[in-house]
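The values are calculated or read from the model by the stated rules, or taken from the named source; none is laboratory data. This structure is a prediction, so every number in the text was calculated from the model and none was measured. Please note: Cβ atoms are built from the backbone with ideal geometry, for glycine as well, and neighbour counts cover all protein chains shown. Calculation scope for accessible area: heavy atoms of the full protein, side chains included, ligands and nucleic acids excluded. Shrake-Rupley method; radii C 1.70, N 1.55, O 1.52, S 1.80 Å.
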Amino acid sequence: MSDGRINVRRARADDTAALKEILRDTFENTWLPQITPAAAQRYVETDIGGRYVDEHGHDFVVAEIDAKLAGLVHWQDDFIEALHVSTQYQGRGVGRSLLDHAETMIRRAGFPQARLETDTFNEQAQAVYRARGYEEKGRYPDDEWDSGFTTILFVKRLV
């Protein structure tokens, strides 16, 4: 029987396929509707998400529900590089649990703040970050997607 509890833990080597699936899911449901066809083709052909998992997956922290991966978070120093929640698990506290964990670890490492970015079209993410105490500190062109986006830098004081 399902208890629906969220378990947060370090990623393991056997999580690789599920991690890549989470990134594929969030790409298709968040980014794909917004980016140019050329940017989408480049993402798929160069396997950006898969390469990211191969290069950094050993540093990820994951959330699982009923032994299935529901989301991931990755940070370096005080910067949260990635926070992804599978669309089937959104709205169930997965992102909150992962963000709580990352912020705790960033604080324990001695950093006074946590930083992260999202793009202006991603209003859902912006609302979540603002509700969690993040403040907008800058806007600049997003060169990663080559789709004319504007990136927003958010910062939250941790101490």
Taking only pairs six or more apart or across chains, which ones have beta-carbon atoms under 7 Å, a first residue in the stretch 70-86 that is closer than 13 Å to H101 by Cβ, and a second residue that is open to solvent by 40 Å² or more (accessible area, probe 1.4 Å) and modelled with pLDDT under 95? none
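Could you tell me whether any residue of the stretch 113-120 is more than 25 Å from A40 (Cβ to Cβ), open to solvent by 70 Å² or more (accessible area, probe 1.4 Å) and either at pLDDT 95 or above or not hydroxyl-bearing (S, T, Y) (or both)? Full working, then the answer.
First, pick out the residues of the stretch 113-120 that are more than 25 Å from A40 (Cβ to Cβ): 113-115.
Restricting the remaining residues to those that are open to solvent by 70 Å² or more (accessible area, probe 1.4 Å) gives 115.
Going one step further and asking which of them are either at pLDDT 95 or above or not hydroxyl-bearing (S, T, Y) (or both), we end up with 115.
There is at least one residue in the stretch 113-120 that is more than 25 Å from A40 (Cβ to Cβ), open to solvent by 70 Å² or more (accessible area, probe 1.4 Å) and either at pLDDT 95 or above or not hydroxyl-bearing (S, T, Y) (or both).
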Which residue, of T30, T26, T104, T16, is surrounded by fewer than 14 Cβ atoms within 10 Å (Cβ to Cβ), among the hydroxyl-bearing types (S, T, Y) and assigned to a helix (DSSP H, G or I)? T104
Residues located in the stretch 120-155, provided they are in a strand (DSSP E or B) and over 16 Å from the mean Cα position of the chain (by Cα): E135, E136, K137, G138, R139, Y140, P141, T150
A38 passes all but one of (1) in contact (Cβ under 8 Å) with a residue 12 or more places away in the chain; (2) under 20 Å from D59 (Cα atoms); (3) among the hydrophobic types (A, V, I, L, M, F, W, C); (4) part of a helix (DSSP H, G or I); which number fails? (2)
Report, by residue number, each residue of the stretch 146-159 that is surrounded by fewer than 18 Cβ atoms within 10 Å (Cβ to Cβ) and either charged (D, E, K, R) or closer than 30 Å to Q41 by Cβ (or both). D146, S147, G148, T150, T151, L153, R157
Would the stretch 69-81 turn up any residue that is in a helix (DSSP H, G or I) and over 15 Å from Y129 (Cβ atoms)? no
